[in-house]
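Down below is the structure, laid out as structure tokens.
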Amino acid sequence: MEKSVKSNGNVVAIVVMFFIYAMISFVTNLAAPIGTIWGYQFEGNSVIGMMGNMMNFLAYLFMGIPAGNLLVKIGYKKTALWALAVGFIGLFVQYLSGVTGAETSIGNIGGSEVHLNFVIYLLGAFICGFCVCMLNTVVCPMLNLLGGGGNKGNQLLQFGGALNSLSGTLTPLFVGILIGQLAPSSMVSDVAPLLFIGMGIFAVAFVILNFVAIPEPQSAGASKKVKYSHSPWNFRHTVLGVVGIFFYVGIEVGIPGTLNFYLADQTSRGAEIAGEASAIAGTIVALYWLLMLVGRFLSGFISGSVSSKTQLTVVSATAIIFIVLAIFIPKTVTLPVPEIIYSGGAEVPVSAFLLVLCGLCTSIMWGGIFNLAVEGLGKYTAQASGIFMMMVVGGGVMPLIQNTIAHAAGYMASYWLVVAMLAYLLFYGLTGSKNVNTDIPVDEEEELDPRNF
């Protein structure tokens with residue numbers, strides 16, 4: 001009977017974690033499509049357009065370690081509740097950027113005037129970054145724990161990731177539809193309905209989570225600070241995994257983010273679709289996230305028998321092939337967008353479809369890298385989760401670097417940076433993920449040894 005109650009509690013906890021996983025993607029994926037509005041106002045500058053995305057991920061750098069510490073001090077549930085409250089505030093501040101500050105000039109960037117509303121938007125994106133960092137810190141180790149680690153832990157991460165991708169699919173699609181035709185008058189207020197929906201979901205989730213029992217790991221919420229003789233930094237496979245997470249999030253965000261600007265750039269395609277550039281870009285980019293959903297869903301079924309190591313190795317190599325082909329195929333080689341996807345009719349470069357296919361590859365990388373990097377960490381897992389969240393800042397840094405390259409050398413040339421990052425993940429899957437520090441005790445508590453820090 002006791003076992004049955006515990007099992008039912010785990011099911012409820014898993015459902016809650018899945019729901020939170022979906023909200024992470026919703027908040028994160030608002031940045032790139034909304035960035036097309038700001039990029040257009042700064043004469044099509046995609047680097048400026050990605051600043052919101054940069055601020056969103058920059059928050060991870062500041063909040064990653066504190067978020068991991070929160071898990072230990074106040075527990076998973078309270079950390080999630082704080083995150084939902086912060087997310088509500090962040091979305092509200094972004095909404096304010098669409099209704100205030102447009103008349104107040106504070107300087108210029110590259111000859112373009114900067115108004116207060118842009119700064120307010122960046123602040124809102126930064127606050128939202130705190131929210132998703134905290135939520136990620138809760139969700140990943142909790143799902144891995146509820147699955148029992150190993151292949152089963154990765155299986156839950158992939159199923160949760162499928163819902164994350166569903167949310168990621170719908171967000172740029174809806175933003176693109178709401179923006180429609182980009183114009184100097186386009187404002188964040190154009191996507192206010194989505195921001196209000198997001199705030200409503202956060203509010204409802206906050207209330208529901210208050211009444212849901214979330215099983216806490218033994219160390220979570222401990223009143224006494226536990227001291228250990230080692231840290232996650234003493235595990236080679238964890239350190240290499242931290243670098244892998246930094247690159248992976250840069251890959252996941254950089255591929256569709258830069259593609260969004262590429263397709264929304266009206267000068268890069270025929271005039272016949274110029275008026276609906278943002279809607280078409282949002283639709284195509286949504287396919288990337290849809291394929292991530294498909295990939296994660298399928299991985300959820302096979303992860304019980306196919307190792308994370310094998311999956312990561314295969315998809316990294318495949319993604320490299322897709323992107324190299326996309327770089328070399330001229331943008332003049334196009335394919336019609338199927339009517340079922342976009343009824344308006346449009347021709348899109350084949351390269352765009354190849355980049356979209358990368359969604360199948362990136363779909364399993366997060367769960368796979370996290371699963372491999374925390375394998376065998378035991379009591380150091382919560383600390384490691386905070387470190388991983390800190391390095392998610394790569395999702396802001398690397399796309400910004402990529403779009404700087406794109407601004408100077410062209411969109412397709414910027415994808416060589418993505419190829420280099422994928423090559424690292426291929427290395428990690430092949431050899432870097434092996435735990436060579438099995439001599440470090442991970443079960444019993446130890447006294448802190450300052451020499452290890």
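Here are some notes:
- What the Cβ-Cβ distance of Asn69 and Glu347 gives, at R0 = 41 Å and to the nearest 0.05, is a FRET efficiency of 0.20.
- Modelled label reach - Val333, point 7 Å along Cα→Cβ, the stretch 375-413 residues with backbone N closer than 18 Å: 411-413
- Over 29 Å between alpha carbons, listed pairs Lys331/Lys434; Lys78/Lys434; Lys309/Lys379; Lys77/Lys434: Lys331/Lys434; Lys78/Lys434; Lys77/Lys434
- Sorting the segments 52-62, 304-314, 372-382, 425-435 by their residues' average number of neighbouring beta-carbon atoms within 10 angstrom, most packed first, yields 52-62, 372-382, 425-435, 304-314.
- If a spin label sat at a point 7 angstrom from the Cα of Ala413 along the line to its beta carbon, the backbone N atoms of the stretch 294-325 nearer than 19 Å would be those of 323-325.
- Close amide-amide hydrogen proximity is noted between Val114 and Ile106, Gly107, Asn108, Ile109, each under 5 Å apart and 5 or more residues distant or on a separate chain (H modeled in the peptide plane; Pro and chain starts excluded).
- For the stretch 294-384, alpha-carbon Rg relative to the globular expectation (2.2 N^0.38 Å, N residues): 1.44
- Full extension of the segment from Val15 to Thr318, taken as 0.36 nm per residue of separation minus the current Cα-Cα distance, would add 105.9 nm.
- FRET efficiency, Phe211 to Phe92 (Cβ-Cβ, R0 30 Å, nearest 0.05): 0.80
- Over the stretch 356-441, all Cα pairs binned in 10 Å intervals from 0 give whole-percent P(r) values of 14, 39, 31, 13, 3, 0, listed from short to long.
FYI, it's all coordinate maths here, none of it is from the lab. Computed from a predicted model, the values in this text were never measured in an experiment. With ideal geometry, Cβ positions are generated from the backbone for all residues, glycine too; neighbour counts draw on all protein chains shown.
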